[in-house]
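Worksheet: one structure, shown below.
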Amino acid sequence: MADNLSNTAPAAPSSQNGSANTNIDLAIAAQTQSRKADHIRICLDDRSQCQTATTGLERYRFTHSALPNLNYSDLDLTTTFLGKPLGSPILISSMTGGTEQAQQINHHLAAIAQEYKLAMGVGSQRVAVENPELMGTFDVRAIAPDILLFANLGAVQLNYRYGVDECRRLIDGLQADALILHLNPLQECIQPGGDTDFRGLMDKVATLCAQLEVPVIAKEVGNGISGKMAQQLIEAGVGAIDVAGAGGTSWSMVEAERADNKLQQQLGLTFAEWGIPTADCLVQVREVNAEIPLIASGGIRNGVDVAKAIALGADLVGLARPFLQAACQSEEALQAQTKLLLAELKTVMFCTDCAQVSALRQSGVLVNERSLTSSNL
């Protein structure tokens with residue numbers, strides 16, 4: 001089958017012997033590596049977090065059951081996503097790759113994912129296209145042979161020399177079960193030298209979905225996917241959506257910290273709180289489509305947040321920063337963080353009389369605090 005995306009992508013710079021192309025790609029890869037190292041450092045800083053924007057999950061509260069008809073030890077966290085069984089509905093969200101530190105982080109995360117049967121996504125693999133020698137910093141299959149694993153590339157790269165062939169290489173290099181296409185128009189506006197030609201991308205996403213052998217997951221990076229946009233993406237053929245709403249890490253703020261001039265820095269600060277709250281994204285997407293596999297991420301910080309997201313319609317819930325913080329501390333810290341997260345989720349289930357994760361979606365289990373206030377008047 002012809003690679004329609006590659007045919008329509010801008011041509012690479014020409015060279016009679018090809019060495020110029022290689023040198024350009026390696027130079028770009030070096031810049032990307034430096035950016036990835038910056039991202040890890042800045043994301044660990046509290047200043048990278050939204051200060052006023054929230055996930056919207058705080059507007060909801062669980063109805064406590066004072067006498068659950070359950071044995072805590074019998075609670076069932078298992079689920080499936082994209083046809084693969086999971087130990088719990090938790091995704092270690094896409095974070096990093098491309099550097100030695102990133103490789104170590106990915107290996108620690110993959111070991112935890114394998115042990116607890118969690119899903120995992122890797123960070124953007126653009127650097128591995130630019131320099132294939134860096135693919136190993138993403139590859140975790142030897143450590144986690146059984147996990148649900150997602151490859152990752154920015155959707156805008158489909159307008160910058162990347163096509164179906166490149167996406168297949170990323171998927172095959174990871175033996176991934178799906179490909180995340182991350183959508184990040186705001187970040188690209190703030191990022192020095194960002195890629196901002198987003199013209200015609202929906203058609204290219206549709207072509208990619210039709211030609212790849214694995215599902216494509218459309219994911220924002222912290223500014224949210226609306227119901228209207230979700231419907232367009234579903235019509236384009238995506239196999240799942242990760243709403244990645246506002247309320248957690250602000251990539252506008254991250255890029256403001258990296259800015260090399262005052263204009264870009266101020267632009268990042270202006271838009272630091274921009275986006276649709278995660279809870280609102282979930283509600284909107286479920287209003288337009290009740291069946292699409294749905295991931296909630298964006299400011300999810302504990303097991304109570306996970307439970308709320310599931311109750312609002314998510315099938316899988318992604319966390320990044322809590323796992324990153326623990327992984328950068330020690331393997332013991334990562335183990336403790338994972339155990340706590342699962343215990344928090346199980347405690348919510350026990351105290352709401354929900355034996356299975358899916359029961360959290362039952363009517364009356366989660367209520368809007370406005371409803372509670374009104375009922376008490």
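The values are calculated or read from the model by the stated rules, or taken from the named source; none is laboratory data. Note that the structure is predicted; figures quoted are calculated from it, not measured. Here the Cβ is made from the backbone with ideal geometry for all residues, glycine too, and neighbour counts use every protein chain on show.
Points worth noting:
- Scanning the stretch 261-285 for residues that are free of Cβ contacts under 8 Å to residues at least 24 places away in the same chain and in contact with a Leu (Cβ under 7 Å, 6 or more places away or on another chain) yields no hits at all.
Conditions (1) assigned to a strand (DSSP E or B); (2) buried (at least 20 other Cβ atoms within 10 Å of the Cβ); (3) within 16 Å of the chain's Cα centre (by Cα); (4) without any contact (Cβ under 8 Å) to a residue 60 or more places away in the chain, marked per residue:
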site	(1), (2), (3), (4)
L109	no, yes, yes, no
G123	no, yes, yes, no
A128	no, yes, no, yes
G136	no, no, no, yes
R161	no, no, no, no
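- The helices (runs of 4 or more DSSP H) found entirely in the stretch 185-238 that carry 3 or more residues being over 30 Å from A259 (Cβ atoms) are 201-211, 227-236.
- Residues in the stretch 53-81 that are in a loop (DSSP other than H, G, I, E, B) and not hydrophobic (A, V, I, L, M, F, W, C): T54, T55, G56, T63, H64, S65, P68, N69, N71, T78.
- Selection of the stretch 84-98 for residues being assigned to a loop (DSSP other than H, G, I, E, B) and out of contact with any helix residue (DSSP H, G or I) (no Cβ under 8 Å at 6 or more places or on another chain) yields only S94.
- Odd one out for A307, checked against (1) surrounded by fewer than 24 Cβ atoms within 10 Å (Cβ to Cβ); (2) part of a helix (DSSP H, G or I): (1)
- Test for D195: is it touching a residue at least 12 places away in the same chain (Cβ under 8 Å), closer than 21 Å to G87 by Cα, acidic (D, E) and in contact with a strand residue (DSSP E or B) (Cβ under 9 Å, 6 or more places away or on another chain): no
- Restricting the stretch 36-48 to residues that are crowded, with 19+ Cβ neighbours inside 10 Å and not hydrophobic (A, V, I, L, M, F, W, C) leaves a set whose member that is farthest from A359 (Cα to Cα) is K36.
- Subset of the stretch 251-280 (residues that are modelled with pLDDT of 95 or more, in a loop (DSSP other than H, G, I, E, B) and either more than 24 Å from M95 (Cβ to Cβ) or within 18 Å of the chain's Cα centre (by Cα) (or both)): W274, G275, I276
- Scanning the stretch 138-159 for residues that are in contact with a helix residue (DSSP H, G or I) (Cβ under 8 Å, 6 or more places away or on another chain), closer than 23 Å to E213 by Cβ and in a loop (DSSP other than H, G, I, E, B) gives F138, D139, V140, R141, A144, P145, D146, I147.
- Residues being surrounded by fewer than 19 Cβ atoms within 10 Å (Cβ to Cβ) and free of Cβ contacts under 8 Å to residues at least 60 places away in the same chain - total across the stretch 236-260: 1
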